[in-house]
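The values are calculated or read from the model by the stated rules, or taken from the named source; none is laboratory data. No experiment lies behind these values; they were computed from the predicted model shown. Neighbour counts are summed over all protein chains in view; Cβ atoms, including those assigned to glycine, are modelled from backbone coordinates with ideal geometry. In case anyone asks, the SASA skips ligands and DNA or RNA and just uses the protein heavy atoms, side chains included. Shrake-Rupley method; radii C 1.70, N 1.55, O 1.52, S 1.80 Å.
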Amino acid sequence: MLSKDILTAVKSYTANMQSSITLVLERGEHAKREELEEFLHSLASVSENIRVEVRDSVEGLRSAMSFALEVDGKMSGIVFSGIPSGHEFNSLILAILHSSGTALKLDEGLRNIVSAVKSPMKFEVFVSLSCHNCPDVVQALNQFAILNENISSEMIDGGVFPELIAERDIQGVPSVYLNGELFANGKVETGGLIDKLLEKNPAALEELKSEALPLQDVVVVGGGPAGVAAAIYSARKGLKVTIVADRLGGQVKDTMGIENLISVAKTTGPELTGALQAHMNEYDITVKEHLRVREIEKGHIKKITLSSGEVISTKALIVATGAKWRELGVPGEKENIGNGVAYCPHCDGPFFKGKDVAVIGGGNSGIEAALDLAGIVRSVTVFEFLPELKADQVLVQQALARDNITIHKNVATKQILASDGKVSGIEYQSRETGELASVDLEGVFIQIGLVPNSTFVADLLERSQYGEIVVNERCETSEPGIFAAGDVTTVPYKQIVIAMGEGSKASLSAFEYLLMKHSETEAREESLSEA
């Protein structure tokens, strides 16, 4: 099950383990039990610090397909129910490494917040092994469990526990439950989990203690291609740089196929995110990941308040927060997220195997989604608002060649219908005749583009009617000393390569701004000394 190359790589990762890890199972039977044991024994073979043990009974294990991580004879609070292969293999390896002493990647302030939680919190994370967003949630909650013995986390593979999926009526992943109640549904970042954690434990923020950073030359908000480029260019100028991001990679991390990044014939979002992070690690850049900016106080020195309560002072600020999926804004959308309404076909497509679904949007994202889903579901109906599809012709031709893809053009989605708490259809209207019609289906995938992440600067910077931050050719905004780059701005053509260029340009503009301010200060001091 685990190839020689994978085992060799894992052996190198586990070479410096500081604690022994036991993968504990309970005796029992299941059709896939032999496969699970073979998987775990193969993994344990790479290190004398990892072993597998089967016991008569183990508290907290769901079934014969569950195993827990025990650290030096003490349960860690981390459980995997299913075989964590595919995207979740990294979650298991990281859980082993972090439990055995490898430093956590959570910011110190966030670690303090999690450690301050006093009440018992039992998390269950339902995943699909094909979901590329799920590991982020599993890994974050596993770190929470390592930091605080009051917290436990269980990854549950929905494919192994279909009865649980049916019982809880889950139609999208990741689906997170806390103490038996729904906690988060659909794509959620670590920062969002922290926010929800604070809602349940507001006293944790009061106990936050972290050493304030010295005055920064540049703070970059956003960890996508534009933000990382800005941070690297700033660091190369010898500036004190901090980057604040919900997550490194940003929207790019969700892109499975990238073939238009010049000089790189083909890559994926996760691979590019890893490359961006590796490049940034070559420089002295302070990284504040999984955090949001709550407030910006303008002035010669800008003061930035983070979601952790920490305040960072900086001479210049670069906003590169990118964009997020645009919502349709019709009745039935928000009410049914996770119950038939989805935004990620890669993550949630497998839940609709053999069913009828719709894709809203006829651009590249929409038609690509339709093509991906067509190999899984029974039928796909595409709804496009404009008279013609906006997607590249090569994609349109592929869609037209599929027998199970139907395309409706020049129609407006009026509402998403639901029955018994689940999507049951779509009502749409012909924009030519005004005639209303409906179609029965069980899933709706919304792919209508992006909306800029700029609301946190709405009262600070000039924005366009679409919410984009208005910038000039030097990435300057309406506020001196604040620059912006990438998809969050009015710069046309939202492309990775363009975002990288704009981030670099914003950094160079910020550097010139700092030089000019320094020269002005020197001139003022010289004038005062002469007086």
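Here are some notes:
- Complete set of residues in the range 299-322 that are open to solvent by 10 Å² or more (accessible area, probe 1.4 Å), touching a residue at least 24 places away in the same chain (Cβ under 8 Å) and within 12 Å of Ala212 (Cα to Cα): Gly309, Glu310, Val311, Ser313
- One residue alone among Ser130, Ser42 is touching a residue at least 40 places away in the same chain (Cβ under 8 Å), open to solvent by 20 Å² or more (accessible area, probe 1.4 Å) and out of contact with any Gly (no Cβ under 7 Å at 6 or more places or on another chain), and that residue is Ser42.
- Looking only at the range 82-103, residues that are within 19 Å of the chain's Cα centre (by Cα) and modelled with pLDDT of 90 or more come to 7 in all.
- Checking Ser464, Ser504 one by one, the residue that is crowded, with 17+ Cβ neighbours inside 10 Å, more than 25 Å from Asn339 (Cα to Cα) and within 28 Å of the chain's Cα centre (by Cα) is Ser504 and no other.
- Among residues of the range 97-123, those that are of a type in the set (Asp, Glu) and free of Cβ contacts under 8 Å to residues at least 12 places away in the same chain, counted: 0
- Qualifying residue in the range 76-86 (condition: touching a strand residue (DSSP E or B) at 6+ places or on another chain (Cβ under 8 Å) and either free of Cβ contacts under 8 Å to residues at least 24 places away in the same chain or hydroxyl-bearing (Ser, Thr, Tyr) (or both)): yes
- In the range 416-431, the residues that are at pLDDT 95 or above and farther than 11 Å from Val444 by Cα: Glu427, Tyr428, Gln429, Ser430, Arg431
- For the range 248-352, the strands (runs of 3 or more DSSP E) that sit wholly inside it and include 2 or more residues that are not hydrophobic (A, V, I, L, M, F, W, C) are 285-289, 293-297, 302-306, 311-319.
Conditions (1) over 27 Å from Val114 (Cβ atoms); (2) more than 17 Å from the chain's Cα centre (by Cα); (3) modelled with pLDDT under 95, marked per residue:
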site	(1), (2), (3)
Lys266	yes, yes, yes
Leu276	no, no, no
Glu297	yes, yes, no
Ile301	yes, yes, no
Ile304	no, yes, no
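- Scanning the range 488-497 for residues that are surrounded by fewer than 19 Cβ atoms within 10 Å (Cβ to Cβ) and in contact (Cβ under 8 Å) with a residue 12 or more places away in the chain returns Thr490, Lys494, Gln495, Val497.
- Residue check, Ile376 closer than 30 Å to Ile165 by Cβ, crowded, with 16+ Cβ neighbours inside 10 Å, among the aliphatic types (A, V, I, L, M) and touching a Lys or Arg at 6+ places or on another chain (Cβ under 7 Å): yes
- Only one entry of Gln171, Gln143 meets the criterion of being touching a Leu at 6+ places or on another chain (Cβ under 7 Å) and open to solvent by less than 50 Å² (accessible area, probe 1.4 Å), and that entry is Gln143.
- Lys353 meets all of the listed conditions (1) modelled with pLDDT under 90; (2) surrounded by fewer than 17 Cβ atoms within 10 Å (Cβ to Cβ) but one, namely (1).
- Among (1) of a type in the set (Ser, Thr, Tyr); (2) outside any helix (DSSP H, G or I); (3) open to solvent by less than 60 Å² (accessible area, probe 1.4 Å) - the single one Ser57 does not satisfy: (3)
- When the residues of the range 379-425 are filtered to those that are part of a helix (DSSP H, G or I) and not hydrophobic (A, V, I, L, M, F, W, C), the one that is surrounded by the fewest Cβ atoms within 10 Å (Cβ to Cβ) is Gln393.
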